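Report on the structure given below.
The values are calculated or read from the model by the stated rules, or taken from the named source; none is laboratory data. For clarity, every value in this text was computed on a predicted model and none was experimentally measured. Reconstructed Cβ throughout: ideal geometry from the backbone, glycine too, with neighbour counts over all protein chains shown. Quick note on the areas: whole protein, heavy atoms, side chains included, nothing else; ligands and nucleic acids left out. Shrake-Rupley method; radii C 1.70, N 1.55, O 1.52, S 1.80 Å.
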Amino acid sequence: MTDETAVDTGAVCPDLSGQVAVVTGGGRGIGRAIALGMAAAGADVVTSARTDAEVEAVADEARTYGVDTRGITADVTEDEDVKTLITETVDVFGGLDILVNNAGFNPGDALGEPDAIESGAVDAVLDVNLRGAFRTTRAAGPYLRNAEGAVVNVASVAGLVGLPRQHPYVASKHGLVGMTKSMAMDWAPEVRVNAVAPGYVATNLTEPLQRNEELRRSILDRTPLDRFADPVEIAGPAVFLASRAASFITGETVAADGGWTAR
Ligand SMILES: NC(=O)c1ccc[n+]([C@@H]2O[C@H](COP(=O)([O-])OP(=O)(O)OC[C@H]3O[C@@H](n4cnc5c(N)ncnc54)[C@H](O)[C@@H]3O)[C@@H](O)[C@H]2O)c1
């Protein structure tokens, strides 16, 4: 743009009209909010997770934004499921522009004392949070390249700093932040690859933290905005990163953490 040209609205206001987005782990929580956010911004959306009823319910909700939607059941640890998710999406919608790798979990304290964590438990976390994103991105790659599309990985503040007693989860999310940078290099200039790193968000995953008053208080004491995020507050940055408003951003991880990592 030169001084004389007008600002193109699509270059500054996130608008996903005419695009097709796949959101993994889209059955509830942050994934559901991102799927609805993509639909609100005009994208046709495929919601995917392991539970049929959940993905269908979110697809129905997303349709109320006037876009076309599907729910496709898939486990991101299964190569065949992931391939089917992507090929079905392309069959139905004719292409794929946006992939959101959101499926993830944190077994947290359920793994017991750090010294007792079995390597199999580490594998299980990596298989969903890191390899799941790798598998899905690899399957979607040719279509995203063709569409000059975008990947948004849902990382975590646990991908930016260490957390005590969480090392499998922290390893998986640091891996995802690293993979975001590396894929951004390999796939440029056709595909932008970015991540959003949520802080503490009010979902099923953080239910035990929200219920434990001592833990809840210690989290809020470190969070300048003094609350857990609503899932929709992660959808906004995800929609932005997927959109043309972020056209010169790639390889970046944007913290949406109420200031938690600023401290
Ligand atoms: N809630 C938070 O505070 C928080 C903070 C930082 C990052 N995150 C990340 O955000 C993402 C979503 O978390 P959430 O809080 O909404 O959790 P959630 O438990 O409410 O939802 C997770 C979703 O992922 C799906 N999922 C899990 N394993 C899967 C698999 N193998 N295949 C397909 N889908 C699978 C679940 O079915 C569910 O739909 C995760 O990657 C999580 O690590 C969450």
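Show me, for segment 171-185, the HN-Hα J-couplings you get by feeding each phi into the Karplus relation (A = 6.51, B = -1.76, C = 1.60, θ = phi - 60°), rounded to Hz, glycine and proline as x.
Here the 3J(HN,Hα) series is 4, 5, 7, 4, x, 5, 5, x, 5, 4, 5, 5, 5, 4, 5 Hz.
Provide Rg and Dmax in Å for segment 9-255, with only Cα atoms included in the calculation.
17.2, 54
I need the peptides 163-176, 19-32 ranked by packing, meaning the mean over residues of other C-beta atoms within 10 angstrom, with the highest value on top.
So the peptides 163-176, 19-32, ranked by packing, come out 19-32, 163-176.
Apply the Karplus parameterisation 6.51 cos²θ - 1.76 cosθ + 1.60, with θ equal to phi minus 60°, to every residue of segment 117-133 and state each ³J(HN,Hα) to the nearest whole Hz, in sequence, with x for glycine and proline.
Calculated HN-Hα couplings, in order: 5, 7, 5, x, 5, 5, 4, 4, 5, 4, 5, 8, 6, 10, 5, x, 5 Hz.
State, as an integer percentage, the relative contact order of the chain based on alpha-carbon contacts under 8 Å between residues 6 or more apart.
With pairs under 8 Å counted, the relative contact order is 20 percent.
Give the peptides 207-216, 55-64, 225-234 in descending order of average Cβ contacts within 10 Å, highest first.
55-64, 225-234, 207-216
Using a 1.4 angstrom probe, figure out how much accessible area the chain has per residue, in square angstrom, rounded to the nearest whole.
I get 47 Å² per residue for the chain.
Each residue of segment 137-144 in turn: what ³J(HN,Hα) in whole Hz from Karplus with 6.51, -1.76, 1.60 and θ = phi - 60°, glycine and Pro shown as x?
Here the 3J(HN,Hα) series is 5, 4, 5, 7, x, x, 6, 5 Hz.
Whose amide H sits under 5 Å from the amide H of VAL254, counting only residues 5 or more places off or on another chain, with H placed in the peptide plane?
ALA195, VAL196, ALA197
Over 18 Å apart: what share of the alpha carbon pairs of segment 141-224 falls there, rounded to a whole percent?
Roughly 53 percent, rounded to a whole number.
Just VAL100, VAL151, VAL125 to compare: in a GNM of the chain, with alpha carbon springs under 10 Å, which one fluctuates most?
Judging by the Gaussian network model, the answer is VAL125.
Dipole magnitude of the chain about its Cα centre, charges +1 at Lys/Arg Cβ and -1 at Asp/Glu Cβ only, in debye to the nearest 20?
Using Cβ point charges on Lys, Arg, Asp and Glu, the chain gives about 480 debye.
Based on the mean of other beta carbon atoms within 10 Å per residue, what is the order of 237-245, 77-85, 137-145, most packed first?
237-245, 137-145, 77-85
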